[in-house]
1. Take the conditions free of Cβ contacts under 8 Å to residues at least 60 places away in the same chain and among the basic types (Lys, Arg) and apply them to Arg91. Does it pass?
2. For the stretch 251-313, list the helices (runs of 4 or more DSSP H) that sit wholly inside it and hold at least 1 residues that are basic (Lys, Arg); which are they?
3. Among what's in the stretch 23-41 and is touching a Gly at 6+ places or on another chain (Cβ under 8 Å), part of a strand (DSSP E or B) and not aliphatic (A, V, I, L, M), pick the residue that is farthest from Ala92 (Cα to Cα).
4. Taking Thr62, is it polar (S, T, N, Q), surrounded by 22 or more Cβ atoms within 10 Å (Cβ to Cβ), at pLDDT below 90 and under 24 Å from Val163 (Cα atoms)?
Amino acid sequence: MLAVLARLLSLAWRRRGARIAEVHAAGARVWYAEFAPLGPDGRARQPAGGARATGRGRSRRTRGAGAPTVILLHGLGASSASFFPVVEALRAGYRVVVPDLPGAGWSRTPRGRPFPTFAQIVDAAEAFVAATAPGGAYLAGNSMGGWIATKVAARRPDLVRGVALINPGGPALDARDWADLGRVVSGADAPAASDLGARIFARVPRAAARLLGREIARLLSAPPVVHLVATLRAEDFLSEEELARVECPAVLIWGESDRFIPPGCRDFFLEKLPHVRHEPLPDCGHCPQLECPRRTAEILLRLPRMRRRRRAA
């Protein structure tokens, strides 16, 4: 069923003018959809220079490269489809690039590795940004995607112009804070899994929440997800030192009805990420780009106007 939906999504994006391609990144094959920015007349802008990646990582001219690039990074168990509601609105100010991270959607893991580790996904994400936006890009990530965006921004300040963290995970909190989520991913807590839809979304009817929760629980208990969680290392989590190295503008978009990840994640970013701008969304859960797409897109479109952090002497 999900494969059919993914194919339909690919067709829908093609009808909207997307270029569907893949790039080799850190040994993985990363599938992505690229959307040229739209002009005032609603038509795609003409090329204005810049570079894009080909299937082998070589650069060519990019469509609408006069506009900045935003790369949208999905969360654990999700795919590029989770950003479908905001893509069209973001084309008002960006060239929009939406990948499936290795092991998700249409993307593939490095040869010989059935499931990727978190560190391998971060390496592939960094290589993907360098290949598709060598001049730099804005990164927007939901949940694990925000975690990855922060890692890349700390490692490659030359590649990241700004980050938008949408209910991100990843802080090095106490292990007990993650115990509940760990039980859901392992499949050991069936009652929690059946309630998962209500934990993630703020405005889902009870019957739909149960159905949605079962589907989400199935995705989170899939072998690639279980493998990723089981192979997490201490250095994979975000530290205070890493956040101190993020120099680019940063905004924290937080759906306040999120009951999926520990609230300590929000506090960690607000306390440790220098000069982060806080954008709370009271009527949203864990995925504001799905529940509050208009408001989320408005915040993302303002990101290029935020000032870059000055390095301390």
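The values are calculated or read from the model by the stated rules, or taken from the named source; none is laboratory data. All of these numbers come straight from a predicted model, not from anything done at the bench. No Cβ is skipped: glycine too gets one built from the backbone with ideal geometry, and neighbour counts run over all protein chains shown.
1. It is true that Arg91 is free of Cβ contacts under 8 Å to residues at least 60 places away in the same chain and among the basic types (Lys, Arg).
2. Helices (runs of 4 or more DSSP H) meeting the threshold: 264-272, 293-301.
3. Residue satisfying both the conditions and the ranking: His24.
4. yes
Okay, residues lined up against (1) crowded, with 17+ Cβ neighbours inside 10 Å; (2) farther than 25 Å from Gly77 by Cα:
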{"position": "Arg214", "(1), (2)": "no, no"}
{"position": "Glu241", "(1), (2)": "no, yes"}
{"position": "Leu252", "(1), (2)": "yes, no"}
{"position": "Val276", "(1), (2)": "yes, yes"}
{"position": "Asp283", "(1), (2)": "no, no"}
{"position": "His286", "(1), (2)": "yes, no"}
{"position": "Pro304", "(1), (2)": "no, yes"}
